[in-house]
Amino acid sequence: MFSNSKKKDTAIDLEQKELFEHAQARIKEKRGLYRHFIVFLVGCIFMIVLNLGLNFGNEFKFLDLDWFVFGVLIWSFFFLIHFFRVTLFSKFMGKAWKDKQLERLVAKQKAQIAKMEKKLNLEIPKDIVSEKSILLDNTDNNGTEILQ
């Protein structure tokens, strides 16, 4: 009950936490895809029964096809987009792609900052610049502090 045993370290390191969160996000995406598929099937069956079984909208035909055919085709198109986004595009533009793009942009920004610092060092003569930064130096030429 009142033991002196040490508590186990239950902290998850950042990499494991990141992998866990990524797995949860993928599960959520796949669950959404499965739900979309089930709703798609039920919706298509409902439209077919509504048109053929209950004769709803029988008078509306486009290109000699019943209206439910176009409903099913349009919904199929959106389902395929959802399917490709979850299965294919997440691999191409998933976490690894985001990380790579982030690293590339950070490196580009660092290069620009280095270029600007180099240009600034060339423009300001060395005798003006002291050990302290010009912007942080609150002293005049005699070494006394300037009040602002």
Checklist entry - Which residue pairs have Cβ atoms under 6 Å apart, sit 6 or more places apart or on different chains, and have a first residue in region 3-32 that is under 14 Å from Lys95 (Cα atoms) and a second that is at pLDDT below 80? => result His22/Lys95
Item to check | When residues of region 1-43 are limited to those that are within 30 Å of Leu65 (Cβ to Cβ) and either at pLDDT below 90 or aromatic (Phe, Trp, Tyr) (or both), the one farthest from the chain's Cα centre (by Cα) | outcome: Phe40
Item to check | Residue tally, condition within 29 Å of Arg35 (Cα to Cα) and loosely packed, with under 11 Cβ neighbours inside 10 Å, over region 97-114 | outcome: 1
Item to check | Subset of region 44-85 that is in contact with a Leu (Cβ under 7 Å, 6 or more places away or on another chain) and modelled with pLDDT of 90 or more - its residue that is surrounded by the most Cβ atoms within 10 Å (Cβ to Cβ) | outcome: His82
Checklist entry - Any idea which of Phe37, Phe56 is among the aromatic types (Phe, Trp, Tyr) and without any contact (Cβ under 8 Å) to a residue 40 or more places away in the chain? => result Phe56
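The values are calculated or read from the model by the stated rules, or taken from the named source; none is laboratory data. As the structure is a prediction and not an experimental result, all values here were calculated from the model. A quick note on method: Cβ atoms are made from the backbone with ideal geometry, for glycine too, and the neighbour counts reach across all protein chains shown.
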